[in-house]
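Right, one structure below, let's go through it.
Computed from the coordinates by the stated procedures, all read-outs in this text should not be read as laboratory data. Bear in mind the structure is a predicted one, so any value in this text is a computation, not a measurement. Neighbour counts run over all protein chains shown; Cβ positions are idealised from the backbone, glycine included.
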Amino acid sequence: MAQDPQGAPGKEELPEIPGYRIDSLLGSGGMGRVYLGTSPSGRQVAVKVIRGNLAHQPDFRRRFRREVTAARQVSGAFTAPVVDADPDADPPWMATLYVPGQPLDQRIKLGPALGPEELYRLATGLAEALRDIHRAGIVHRDLKPANVLLAADGPRVIDFGIVRAADTDMPTGTGITVGTPPFMSPEQIRAQKDVGPRSDIFALGSVLTYAASGHVPFDATDVYAVAYQLVHEPPDLEGVPDWLLPVVESCLAKEPTERPDADELLTLLQSTSYPAALDSPDTFVLRSPTPGSPPPRVSTGAGSASTPPPRRRRRLVLAVAAAVVAVTTLSGGLLYGLRDGEDGGGGGSDSAGSPNEKPSRTARAVTQPEGSAAYASTQSGSGGFTFTYHDSPERRPDGWRRWQYNLQNSDCVYAESSLVCVGDRTVRIDAATGRELWRTDEASSYGQNTPVVVGDTAIVNIGDRLIGLSLADGKVKWRYAMTLLTQRLIGDGERVYAVDHGGLVQAVDARTGRESWTLSARSPAGGAGQPPALRVVGDRLYVFTRVNDSDPGEGFVTAVDTGSGEKVAAFELSTPCEPGTQALLEEDGATRLYCIVLHDASAESALLSQDLTAGAKGVRTEVDATLGGGQSGAPELSVTPGRVLFVAPTQTGGELVAVDTVERTELWRRPMPGLGPADAPPVQAGDRVYVANTREVAVFEPRSGELLYQHSVPSVEDASGVETGLDTEPMVAGGIVYVPSSKAGWVSLDTGDAEDTGDAGDAGEQ
């Protein structure tokens, strides 16, 4: 949570909380604000007040109630005990005992450095805190320096906003936050359902590394590289004292079963022989706030990460391009923990990015769509085809200027500040300038066929084979012979997947090009026809095939373990999905399907939402999609928890429609002349909705539907008067949009620049 830069009374109207006098603002964050208050007896409390826009969301109110319950369960010597709370009030609030103390991240930034005894007391105090938390059946899931207060009598763990019960697979939120890199565990990256108490132990290892050395054990220039390091690389423990190394190394074991629990960790700490510091104080040395400054801040949850001080970075053995590996399964939590300005109204002092991140000329705060994932280098932004992903000003390519690159009838994917495109040739284009970085003569024979980038490999479908190209120079790394009859590859950070018309699925190792496994996912009744839809979420691949040859809808679902290729489940939906409309999203520990369905009896279409985790018995709901039955080309969906966007057909083209899937109501619709459901789907990136085809780009505010930006795209007509070119969803990086144009090939536009209304400069191949 970012601290109010002023922090003084009078900057805003202070809330009224029954039974407490509110004295001043301590800090603010994405969930709400924390105030310094006083009880009738004179006891100082920290009062957390939830933001009004969140308080009216039933799921969020339930989440806050869980936080209150969890905080009460674990209140002990090393946490801030709950004094009072009313999760049903308007707005909800919770009062905890005010703990005068400096957050650990501020202590490390401002100094002085922790001495050996302080470091030992920090380690044992946090281990005892985790022991109490875990004994209560709770997993904290967001232990980080900003959530550790250095009180006079020892460290206190605060902020139970995203805890969950240790014996359930259900996360506490709806994608709002599930952790903060680089203080997450590998299992938080791989699959949230596997997160248990030993995930907190891994986070403790990262916190102790940061406290001892001033840097985090997993550090890189972007989120993708950090995620890759967490899962695959050893930690950087330079600067950690020898006596603490065995403790930290045991905490940072990649596999949870290889880490100690809290009791074992305390035993290990007690066996160490740390060097006694000369004149060691009996309590923590706290840097007092300067006169006139606000009290030390208190975190409210959904806060930003602690930023390590600048230091010499170790060289990454892996190219930055490889950082995409293992990121495709990330949920919104990773992203929310990485952005600045968590209070939604401006920047905060706790930047969650790297200290070497470039400043952005775009100063607006970015509110990510709930459930958004890191942009994965596969079409639609993720293997679940939600067309929703994280964006922030920091993703804007350095030195960007408007450009166009002439590559007709091509399809591209954004990866590592570049576009990898396949058409009549395969090229990599610099995202900032449009300059060609490399090209090959390999050409797609199937028209629109999006490449996938996994790590340092770009995979393209060329004729009857897959080809793995080096992202660095375009050289062929491997070839894999196959008959691929789908227009889209699916990747998950380790493999790429393809399927033929008969439902034969092939999985190929993205690094080596070797076949991982094959599987027939054909439905029992046959169901040949168009290539089935593939979607991948976490460690599950879902194949949607036709139930029978007479019904074009895809109503049979096969769930496959991505590692082994074994069938996990196979079942029939009560109503089949219109082909290609499936979007899969991880919500509340379950994988939820969204798609368009058509009811034969009424010839009316609807938006289906169903929990796939429970198979055919999964809870399902429907919302009238107002498409008008019998329309061809059902729209693809852009999905976040609680909100779905799509383009509905009209006589003049189409309308962009936003639907609230919780209340089952239409939020808003905006006319889009010339745009139809068969065109590219909308994309929700950052706090914007982007809609584009080969004729125009439009940008909307997702909650109100307000049009923020519109720009025409150069286009041409063929001899029959039909506009040529391929429609594909826009790609977004820091507000820069990349779209295809039948006249210019590919163009880039700055949607944050009101003056960007001219023609794009010609920077590419003619």
For the pair ASP500 and ARG72, the simple spin-label estimate (label points 7 Å beyond Cα toward Cβ) gives in nm 6.1 nm
By Cβ neighbour count within 10 Å, fewest first, HIS390, HIS56, HIS711 rank HIS56, HIS711, HIS390
One finds, for ASP242 and LEU97 with R0 = 30 angstrom and r their Cβ-Cβ distance, a FRET efficiency to the nearest 0.05 of 0.20
Here segment 36-53 yields Karplus 3J(HN,Hα) values (6.51, -1.76, 1.60; θ = phi - 60°; whole Hz; Gly and Pro given as x) of 7, x, 10, 7, x, 7, x, 6, 7, 10, 9, 9, 8, 10, 6, 4, x, 5
Taking N as the residue count of segment 21-96, its alpha carbon Rg divided by 2.2 N^0.38 Å gives 1.07
Sorted by chain and then number, the residues having a modelled amide H within less than 5 Å of the amide H of GLU587, at least 5 places away or on another chain, are ARG592
In nanometres, the difference between 0.36 nm per residue of separation and the alpha-carbon distance of THR518 and ASP23 is 171.7 nm
Between MET672 and residues 5 or more places away or on another chain, the pairs with built amide H atoms under 5 Å apart involve GLY654, GLU655, LEU656
With ALA583 itself left out, Lys, Arg at +1 and Asp, Glu at -1 over residues whose Cβ is under 11 Å from its Cβ give +1
For the pair ALA614 and VAL476, the simple spin-label estimate (label points 7 Å beyond Cα toward Cβ) gives in nm 5.1 nm
Check: C-alpha center segment 387-446 vs C-alpha center segment 547-590, spacing in Å is 32 Å
Charge tally for neighbours of THR440 with beta carbon under 9 Å away, counting Lys, Arg as +1 and Asp, Glu as -1, is +1
Applying the gyration tensor rule to the Cα atoms of segment 548-588 (axes a ≥ b ≥ c; rounded if a/c under 1.5, else prolate if a/b exceeds b/c, else oblate), the class is oblate
Expected vector for segment 435-443, Karplus 3J(HN,Hα) from phi with 6.51, -1.76, 1.60 and θ = phi - 60°, integer Hz, x for Gly and Pro, equals 6, 6, 8, 6, 8, 10, 8, 5, 10
Note to self: C-alpha centroids of segment 198-265 and segment 117-134 sit apart, in Å, by 15 Å
Taking R0 as 56 Å and r as the Cβ-Cβ distance between ASP551 and ARG435, the FRET efficiency 1/(1 + (r/R0)^6), rounded to the nearest 0.05, comes to 0.70
Amide H proximity to LEU708 below 5 Å, modelled H, separation 5+ or other chain, gives VAL699, PHE700, GLU701
Label model pair GLN270, GLU249: point-to-point distance (7 angstrom along the Cα→beta-carbon line) in nm is 2.3 nm
In this structure, the FRET efficiency calculated for ASN409 and ASP561 from their beta-carbon separation, with R0 = 30 Å, to the nearest 0.05, is 0.25
Residue separation between SER712 and GLU663 times 0.36 nm, minus their alpha-carbon distance, gives in nm 14.1 nm
